[in-house]
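Inspection log for the structure reproduced underneath, given as structure tokens.
The values are calculated or read from the model by the stated rules, or taken from the named source; none is laboratory data. Since we're looking at a predicted model, the values are computed, not measured. As a convention, Cβ positions derive from the backbone with ideal geometry for all residues, glycine included, and neighbour counts pool all protein chains shown. Only protein heavy atoms, including side chains, enter the accessible area calculation; ligands, DNA and RNA are left aside. Shrake-Rupley method; radii C 1.70, N 1.55, O 1.52, S 1.80 Å.
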Amino acid sequence: MAGYLIRRILYSLFVIWGAVTIIFFVIRVVPGDPATVMLGTSATEEQILELQKELGLNDPLLVQYVNYLKDAVNLDFGESFKLGGSALDHVFYRFPFTITLAVTAIIISITVSLPLGILAAKKSNGIIDWMISTTSLLGQSLPTFWVGIMLIIIFARFLGLFPSGGSGSIAHLILPATTLCLPFIGMIIRLIRNGLLDELSRGYVQTARSKGLKENSILYIHVLRNVLIPVITVMGLLLGEFIGSAIIIEVVFSWPGIGRLLVDSILNRDYAIVQASVVLLATVYVFLNLVVDILYGYIDPRIQVEESR
Amino acid sequence: MQKWRFTVNKFKLIVLGSFLILFAGCAGISEEYSGGVSSEPTDKSTAAKSDDQTLKVAFDQSINSLDPYGAHNGEPSTVLASRQIYDTLVIKDGTDYKPRLAEEWKEKDANTWVFKIRKGVTFHDGSPLTAEDVKYSLEQQVNSEDSPLTVLWNDFEAVEATNDHTLTIKTKKPMGTMLSNLSLLFITPADSKNDDFYEKPVGSGPFKVESFVPGESLILTGNEDFWDGAPDLTKLEFVNIPETAARLTALQTGEIDVTWTIPADQIAELEQAEDIEIIKTPSYLYYFNWFNSSREPFDDPLVRRAMWHAIDTKTIVKDLFGETGEVMSSPIPKEVFGSSDMETYAYDPELAKELLAEAGYPDGFSTSMMWSNGGGPQILQLAETMMSYWSEIGVQVEPIQIERAEWIEKLVALDWDMDLQTNSVITGDGDYTLGRLYISDANRNGYKNEELDKLLIAAKETTDQAERQKLYNRVNQIIWDEAVGIFPLELKQIAAIRTHVEGFKPSPSDDPEFRYVSVKK
């Protein structure tokens, strides 16, 4: 187990390093750099060259890369030229907003899909089952930004139930979190439904039935908890997915999370913030994956992690 | 391995736990962050009862910095914030300038300006504002390496605080733009050198900084001790709502009170809303399409004129921009000092073809046009319309839509055939645009003309404003007749306010003063 953990952690570090490296080079390959953006249209070429030198952008790319890695290992991700101050500070300030949004989306996903999944399993192949499938397909195929704007228009402008954007209270969370989880709810409902149907055809269910247990007791006491195992796993992975995919939603709902910061920073070629955000996002994603994998072994002892040979 | 049974109880625990984390998270956020749009949607009854004068403003750009001499001081959002927090020596009023921190001024000789600094003005921290502070501020601006406004002060020689309330500015050459430049020089205390000063800066303006999150929100409070009377507003919040639909919804639901930059197709709907008022004003923002005169075929003025005659500017403005645009009559917007009133190029494709034939391109030619993604309202539609007009006279244009960072790089390197963009004459004085962009040495578009250079320099170095206007009339005529670019339209600023907002006057440069604004009870 210890060997497995060490291997997994080393592997995670490798993935994070890979993400850092890719983003480091990609953002430098695209045309335009901080010096041009900073000086804007009124700059002369000499001014740009001067500033590039000052910002160390004229050093060979590999030198910049090695310097960057050296600093990054010491958790120094540089200064943001656009917003001023340490890039990591900006990223850490924004990150809790994104986490809050993602966790809310998870909670909404569970509260909506659990009862619907059970309902669909109970009336499998009925009209409810069909309706849920259709709705979930719709949820998956509609573009997120459009759904977001529609929700704003319906629930903020016409019904006045929720604020249209910004942050500060739980009411602010509902619309963006709903938009975020909408494409995934259908998938989770189907996961629960199929899992339940699968379990219900097993031997122990028949035993329970022949023992005379009520159908509801079988479902809620025996079957459901077996189904929840894969659901919890998916939730863990979804949390990572939500954090990563919050970008568009944060822009639509002016939610001050890390995604919006990232978009602005890419447009402004604010290298330090882009890199710091990507490192943090990659770390969280990798960490969640690791936790899910380890938890999985604990939740279901039949799944043994492979011992290192 | 320890056996870990997953029970319903544990599941409950997990759900409960995550709710707790969530609420803790929300509580933490609302404590440290209150910059977003307020939590309560409109509750008109309580708004009417309370006597707090809070105004929430959102626009489509974020305030990234409060440093008035840094890389951001060309950005309207930084100027807007500075306008509330700091004060200037003079302020533009129509085409003239009114005293602010400077009570009066005189030109001692052609190269010496003496300003009398107002007594009894204090910064937000209580310290008095003196000529030393003004001297410091001007020196910061003049020596700033990354500010786009540093060029305004190329002819600056020295500044001296003769005594606490007398300031002398010496110039190398007479500076016709002295007052317009000073209207953008924001005064900070002389000791504001440390790095984190601009995180929560102190000024002498009508509003104090309560909190600032770069790129996100700025919260100001009214300055009771403002020398010209405390503003009515006790609280002024600027929030960033990048999405237009969300921004307009926030206005309709009353989450924000004032916003500007409204797309043409949204005006009608907002005008119907009873509690919203639309205000249209001229702005310093306009479109131009430059030709790279250092490249064939645009080195030939006949070709450039042909391109302009091929375009039906009036129809474009009417159909694409409606009330948000106006056909230009000068290479700078009407509202800017130094603009002239000239006849626009007639739409005449036949004449355009004749001109092309005369220039040696009877069958037209192929070229390209670049613009930056989001470089102006409806820029894509404008570009497409222009290209389709040109294809009618046989000119095939390859569209190059690129991201802003890349566009700047190409623009500055003169690596383009045609460049479509918006431009703002931020100082409100023609020199900022004409003198900076059209002088041969600047080489911004490959066009060189000695006569134009002489006129531009003369206009810059004359302090007699009537004389300057005459010189700019000639400048405008040359740029127009030589068709250095096509100047299709200037944009109007469309602001939308909730009707309980009083005293709001939009500014042509998007930096309205909120000291005159109040909320009706």
Starting from the stretch A:184-198, take each residue that is in contact (Cβ under 8 Å) with a residue 60 or more places away in the chain and list its partners that are open to solvent by 20 Å² or more (accessible area, probe 1.4 Å) and among the aromatic types (Phe, Trp, Tyr), counting only C-beta distances under 8 angstrom and pairs at least six apart or across chains. none
Pairs returned, first residue in the stretch B:394-416 that is basic (Lys, Arg), second residue that is part of a helix (DSSP H, G or I), beta-carbon separation under 9 angstrom, 6 or more apart or interchain, are B:Arg404/A:Val37; B:Arg404/A:Leu267
Could you count how many residues in the stretch A:279-295 are open to solvent by 40 Å² or more (accessible area, probe 1.4 Å), under 19 Å from A:Phe24 (Cα atoms) and free of Cβ contacts under 8 Å to residues at least 60 places away in the same chain? 1
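Conditions tested, residue by residue: (1) open to solvent by less than 30 Å² (accessible area, probe 1.4 Å); (2) under 35 Å from the mean Cα position of the chain (by Cα).
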site	(1), (2)
A:Val29	no, yes
A:Ser42	yes, no
A:Glu46	no, no
A:Leu51	yes, no
A:Asn58	no, no
A:Tyr65	yes, yes
A:Val73	no, yes
Any chance B:Asp300 is surrounded by 17 or more Cβ atoms within 10 Å (Cβ to Cβ) and out of contact with any strand residue (DSSP E or B) (no Cβ under 9 Å at 6 or more places or on another chain): yes
Residue count, the stretch B:98-152 (criterion: crowded, with 20+ Cβ neighbours inside 10 Å, within 19 Å of B:Ala71 (Cβ to Cβ) and small (Gly, Ala, Ser)): 2
Name the pairs: first residue in the stretch A:267-278 and more than 12 Å from chain B (Cβ to nearest Cβ) and more than 16 Å from A:Thr36 (Cβ to Cβ), second residue open to solvent by less than 10 Å² (accessible area, probe 1.4 Å) and not in a helix (DSSP H, G or I), Cβ to Cβ under 6 Å, at least 6 apart or on different chains? A:Ala272/A:Ser80
Please report, ordered by residue number, the helices (runs of 4 or more DSSP H) entirely within the stretch A:17-87 with at least 1 residues that are in contact with a Lys or Arg (Cβ under 9 Å, 6 or more places away or on another chain). A:34-39, A:61-73
Quick check on B:Thr462: is it in a loop (DSSP other than H, G, I, E, B) and within 24 Å of the chain's Cα centre (by Cα)? no
Residue check for A:Gly165: within 14 Å of another protein chain (Cβ to nearest Cβ), part of a loop (DSSP other than H, G, I, E, B) and under 21 Å from the mean Cα position of the chain (by Cα): yes
If you check every pair at least six apart or on different chains, which have Cβ atoms under 6 Å apart with a residue in the stretch B:434-454 that is closer than 11 Å to B:Ile478 by Cβ first and a residue that is part of a helix (DSSP H, G or I) second? B:Leu434/B:Val475; B:Leu452/B:Ile478; B:Asp453/B:Ser440
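Give the stretch A:194-218 a look and list any residue that's of a type outside the set (A, V, I, L, M) and open to solvent by less than 40 Å² (accessible area, probe 1.4 Å), or say none. Outline the logic, then answer.
Initially, the stretch A:194-218 is screened for residues of a type outside the set (A, V, I, L, M), giving A:194-195, A:198-199, A:201-204, A:206-207, A:209-212, A:214-217.
Those that are of a type outside the set (A, V, I, L, M) and open to solvent by less than 40 Å² (accessible area, probe 1.4 Å): A:Gly195, A:Glu199, A:Ser217.
Per-residue answers, yes or no, for (1) of a type in the set (A, V, I, L, M); (2) in contact with a Pro (Cβ under 7 Å, 6 or more places away or on another chain); (3) closer than 21 Å to B:Lys119 by Cβ:
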| position | (1), (2), (3) |
| --- | --- |
| B:Ser180 | no, no, no |
| B:Leu185 | yes, no, yes |
| B:Ala190 | yes, no, yes |
| B:Glu216 | no, yes, no |
| B:Asn223 | no, yes, yes |
| B:Asp232 | no, no, no |
| B:Ala246 | yes, no, no |
By my count, helices (runs of 4 or more DSSP H) wholly in the stretch A:186-290 with at least 1 residues that are touching a Cys at 6+ places or on another chain (Cβ under 8 Å) are A:224-252
Subset of the stretch B:148-182 that is among the small types (Gly, Ala, Ser) and touching an Asp or Glu at 6+ places or on another chain (Cβ under 9 Å) - its residue that is nearest to B:Ala110 (Cα to Cα): B:Gly176
Please tell me if A:Ile174 is surrounded by 14 or more Cβ atoms within 10 Å (Cβ to Cβ), within 30 Å of A:Pro96 (Cβ to Cβ) and either away from every other protein chain (no Cβ under 14 Å) or of a type in the set (A, V, I, L, M) (or both). yes
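Kindly indicate whether A:Arg260 is open to solvent by less than 20 Å² (accessible area, probe 1.4 Å) and either touching a residue at least 60 places away in the same chain (Cβ under 8 Å) or over 11 Å from the mean Cα position of the chain (by Cα) (or both).
So A:Arg260 fits the description; yes.
Does the stretch B:359-416 hold any residues that are polar (S, T, N, Q), open to solvent by 20 Å² or more (accessible area, probe 1.4 Å) and more than 14 Å from chain A (Cβ to nearest Cβ), and which are they?
At the first step, the residues of the stretch B:359-416 found to be polar (S, T, N, Q) are B:366-368, B:372-373, B:378, B:381, B:385, B:388, B:391, B:396, B:401.
Cutting the leftovers down to open to solvent by 20 Å² or more (accessible area, probe 1.4 Å) gives us B:366, B:373, B:378, B:381, B:385, B:388, B:391, B:396, B:401.
Passing the criteria: B:Ser366, B:Gln378, B:Gln381, B:Thr385, B:Ser388, B:Ser391, B:Gln396.
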For the stretch A:4-16, how many residues are in contact (Cβ under 8 Å) with a residue 40 or more places away in the chain and closer than 18 Å to A:Ser277 by Cα? 3
So, A:Leu51, is that one away from chain B (no Cβ under 12 Å) and not basic (Lys, Arg) or not? no
Single unsatisfied condition, A:Ser141 versus (1) surrounded by 15 or more Cβ atoms within 10 Å (Cβ to Cβ); (2) within 25 Å of the chain's Cα centre (by Cα): (1)
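In the stretch B:268-327, what count of residues is obtained for those that are acidic (Asp, Glu) and closer than 24 Å to B:Tyr347 by Cα? Don't jump to the end; show me each part of the working.
To start, the set of residues in the stretch B:268-327 that are acidic (Asp, Glu) comprises B:269, B:271, B:274-275, B:277, B:296, B:299-300, B:312, B:319, B:323, B:326.
Subset that is closer than 24 Å to B:Tyr347 by Cα: B:296, B:299-300, B:312, B:319, B:323, B:326.
Final tally of qualifying residues: 7.
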A:Lys82: open to solvent by 50 Å² or more (accessible area, probe 1.4 Å) and not polar (S, T, N, Q), yes or no? no
List, please: which pairs have Cβ atoms under 6 Å, are six or more places apart or on different chains, and start with a residue in the stretch A:242-254 that is more than 7 Å from every other protein chain (Cβ to nearest Cβ) and end with one that is at pLDDT 85 or above and not in a helix (DSSP H, G or I)? A:Ala246/A:Gly257; A:Glu250/A:Gly257
Qualifying residue in the stretch B:196-210 (condition: open to solvent by 10 Å² or more (accessible area, probe 1.4 Å) and among the aliphatic types (A, V, I, L, M)): yes
Given A:Ser124, A:Ser109, A:Ser113, which one is touching a residue at least 60 places away in the same chain (Cβ under 8 Å), more than 27 Å from B:Asp146 (Cα to Cα), outside any helix (DSSP H, G or I) and not basic (Lys, Arg)? A:Ser124
Per-region count, the stretch A:85-105, residues closer than 30 Å to A:Ile174 by Cβ and open to solvent by less than 20 Å² (accessible area, probe 1.4 Å): 9
Scan the stretch B:227-256 residue by residue and report those that are surrounded by fewer than 23 Cβ atoms within 10 Å (Cβ to Cβ), within 14 Å of chain A (Cβ to nearest Cβ) and part of a loop (DSSP other than H, G, I, E, B). B:Pro242, B:Glu243, B:Thr253, B:Gly254
